[in-house]
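Below is one structure, written out as structure tokens, with a few remarks after it.
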Amino acid sequence: MAQQQSNSALIWSTADLLRGDYKQSDYGKIILPFTLLRRLECVLEPTRDDVLAEYEARKDLGIPLEPLLVRKSGHNFYNTSKFTLKKLMADANNISQNLESYINEFSPNAREIFEKYEFSVQIDKLNEANLLYLIVEKFASIDLHPQKISNHEMGLMFEELIRKFAEASNETAGEHFTPRDIVRLTTSLLFSTDDEVLTKRGIVRSLYDPTAGTGGFLSSGSEYVHELNPDATLVTFGQELNPESYAICKADMLIKGQDVKNIKHGNTLSDDQLKEYKFDYMLSNPPFGVEWKKVQKEVVKEHEEQGYNGRFGPGLPRVSDGSLLFLLHLISKIQAPKDGGSRIGIILNGSPLFTGGAGSGESEIRRYILENDLLEAIIAMPNDMFFNTGIATYIWVLSNKKEEHRKGKVQLINATDMGSAMRKSLGSKRKYLDEKQIAKIVRIYGENESSKISKIFDTTDFGYRRITVERPLQLSFYPKDEEKLEALQNDKAFVKLKELGAEILQALKAIEAKKITSRDVFKKELNKHLQSKLTASQFKLIQKHIAVHDDEAELCKDSKGNLEPNPELRDYENVPLSEDIYEYFEREVKPHVPLAWIDEKKKDAKDGKVGIVGYEIPFNRHFYEYKPPRDLEEIDAELESLTKEIMEMLREI
């Protein structure tokens, strides 16, 4: 550990050489790839000569060399260059070209990392600033041999460097780096119920992050398991869209001895590069409120053509926020309970809890999750926990292998008051969770009991059936009202009637009554003074402008004698799934609008029953505490005190 801290400080001190020529937020573009290069060099050193000899002996045979060179190196990567960082220093005039040559001789899986870093651009820039030799000299002196620093320790050190550079770039850190306290909490919640991975020797588990960023969740998962059970193995998988973040993530995994072919570059939603895989554990912090318009064509096509055989069968959220698409993607990676099942931890903002009414894509996604009993818990985090946003955030924990006492239940935990203030803000991050607070939240989750900040619900408590409430059409007609007649004449559709329009106006003037409370009577009166026969749409145009709803008017009926509904009075009621819609209607609606009825034609597409099923999770409502207003005497006293202070200040002026 002392060696790790010493080397970390030594590497970090490289920043002193860059100061002035580079912005602080760009230090990582130099230090991280050089750290990786030096580590790979140290790891490959014992077998370097054997690899070079194998390469020289077989390079002209026209056979695939990679399997042979991998076997000789003893690792899943290799380098066929004769250069090392120390040897580069022997030819200072050509150090730039030779360093590029050295990088290009790495195996494709390692070379790709430097390419995604755009390391050649940085080499040129360092050379122009006369810094390249100094940086190479600095890193050549740092001992990163595996005998001195293990893969696990090297991973921790590299992650610490990633964190420092991410925090130095507050404005973009949140896009690719999740704060460590949030990562630690989510990881702890995810693994807390797996006794085997925490205690059993030789156990192997898989961990996946579809929005891997710089690999924070993958690193934290590995670290968490290693701390509790060094004999357990966590195989990591991930995919990341941003090239530089992908490079950092892949480098981190390479440094830890992970198989880097499991880390993919590309858009997870439109190009899932781990399509056939299922995982034991999944963690993700997808972007908040980011639209998915760029991949809309591919996502909609999969939804329509594959349905539930694809990832997006339950529904599609609105294009302005794609976070629920990532959740559906994760759910598609769940393995069957007979194969061990899966657990998911995902960080979302408040929108997925309640956005979208019954029948909407968001509601249907929530419905799928709750009706399949996948949601275990939601934890509300304090505000101001992330680098680039201060909004409310929530950790969702999902599983298809719930413990018996959690089946059919959902736990909500309100941890909004647990954050501690940071001494110095990092962008929008002003609060953090310390180890005790993290342990407390994990304990509350594990206990799964009701309290002031923990509440237990049935999955159906979040469901409702939206019924359509109709009220009858009752119209009074005003054929003499000047304002209504003027509005009718200004309607574009009426203007197009030309001669017929003039005839209608004359007929309206000929009607003697100022107010007619029966549509049938009005229609007869109008037709009496008309020579032309009106179509239904033409009569509706007249009705639109000279009729108004009147509770005292005659009920309007269609040709079959059925009451006609008034679209303007149409309303909706959300009836809890635990209640009968007709009993609810008689109790809550009828006493206020006796003539109302339920539109029984509006049925749910899935269960065929009257009313559209919807799901929402009104988190804040369940933790709302009424605070009575202060006494008037107290407010008056405060105002009087403030007035005195203001007067004193004015006198001083």
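The values are calculated or read from the model by the stated rules, or taken from the named source; none is laboratory data. Not measured: the values here are computed from a predicted model. As a convention, Cβ positions derive from the backbone with ideal geometry for all residues, glycine included, and neighbour counts pool all protein chains shown. Just the protein is used for accessible areas: all its heavy atoms, side chains included, with ligands, DNA and RNA removed. Shrake-Rupley method; radii C 1.70, N 1.55, O 1.52, S 1.80 Å.
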Checklist entry - Given the range 259-388 reduced to its alpha-carbon atoms as identical point scatterers, what log10 I(q)/I(0) does the Debye formula return at q = 0.16, 0.21 Å⁻¹? => result -0.87, -1.52
Checklist entry - Lys/Arg Cβ at +1, Asp/Glu Cβ at -1, dipole of the chain taken about the Cα centre: which of S518, Q506, M282 is farthest positive-ward? => result Q506
Checklist entry - At a 1.4 Å probe, what is the % contribution of carbon and sulfur to the accessible area of the range 159-290? => result 47 percent
Checklist outcome for this item: Relative to the chain, whose Cα atoms define the longest principal axis, helix 361-371 and its Cα axis are tilted in degrees, nearest 10, by 70 degrees
Item to check | Share antiparallel - DSSP beta bridges, the chain, percent rounded to 5 | outcome: 65 percent
Checklist outcome for this item: Carbon and sulfur atoms account, in whole percent of the 1.4 Å probe accessible area of the range 512-551, for 48 percent
Checklist outcome for this item: One finds, for Q296 and L595 with R0 = 56 angstrom and r their Cβ-Cβ distance, a FRET efficiency to the nearest 0.05 of 0.80
Next on the checklist: Can you pull out the trypsin sites (Lys or Arg not before Pro) in the range 1-84 whose DSSP state is coil and whose Cβ has at most 15 other Cβ atoms within 10 Å?
Outcome noted: K23, K59, K82
Checklist entry - How far is it, in nm, from the label point at D580 to the one at R58 when both lie 7 Å from their Cα along the line to the Cβ? => result 7.9 nm
Next on the checklist: Explain nothing, just the number: relative contact order of the chain, from Cα pairs under 8 Å at least 6 residues apart, as a whole percent.
Outcome noted: 10 percent
Item to check | Mean ellipticity per residue at 222 nm, deg cm²/dmol - from DSSP H runs of n ≥ 4 across the chain, formula -39500 (n - 2.57) | outcome: -13000 deg cm²/dmol
Item to check | Simple spin-label estimate for A90 and N383 in nanometres, 7 Å along Cα-Cβ | outcome: 6.3 nm
Checklist entry - Between D491 and L639, what is the label-to-label distance in nm when each label sits 7 Å out along the Cα-to-Cβ direction? => result 5.2 nm
Checklist outcome for this item: The farthest towards the positive end of the charge dipole of the chain, of the residues A439, S332, L577, given +1 on Cβ of Lys and Arg and -1 on Cβ of Asp and Glu, is S332
Next on the checklist: Counting other C-beta atoms within 10 Å, and keeping those with at most 16, which DSSP coil chymotrypsin sites (Phe, Trp or Tyr not before Pro) do you find in the range 265-339?
Outcome noted: Y277
Item to check | Kirkwood hydrodynamic radius (C-alpha pairs) into Stokes-Einstein, the range 3-96, 25 °C and 0.890 mPa s, D in µm²/s | outcome: 157 µm²/s
Checklist entry - How far is helix 95-104 tilted, in degrees, relative to the longest principal axis of the Cα atoms in the chain, given as a value from 0 to 90 rounded to the nearest 10? => result 70 degrees
Checklist outcome for this item: Using alpha-carbon coordinates alone, the radius of gyration and Dmax of the range 346-420 in Å work out to 13.6, 40
Checklist entry - What does the accessible area per residue of the chain come to in Å², with a 1.4 Å probe and no ligands, DNA or RNA counted? => result 50 Å²
Item to check | Reachable lysines from K87, criterion Cα separation under 16 angstrom, eight or more residues apart if same chain | outcome: K138
Item to check | Alpha-carbon centroids, the range 503-572 and the range 445-502: separation in whole Å | outcome: 21 Å
Checklist outcome for this item: Magnitude of the Cβ-charge dipole (Lys and Arg +1, Asp and Glu -1) of the range 1-144 about the Cα centre, nearest 20 debye, reported as 260 debye
Next on the checklist: Could you compute Rg(Cα) / (2.2 N^0.38 Å) for the chain, with N its residue count?
Outcome noted: 1.33
Item to check | In the range 221-317, GluC sites (Glu not before Pro) in a DSSP loop with at most 16 other beta-carbon atoms within 10 Å | outcome: E276, E291
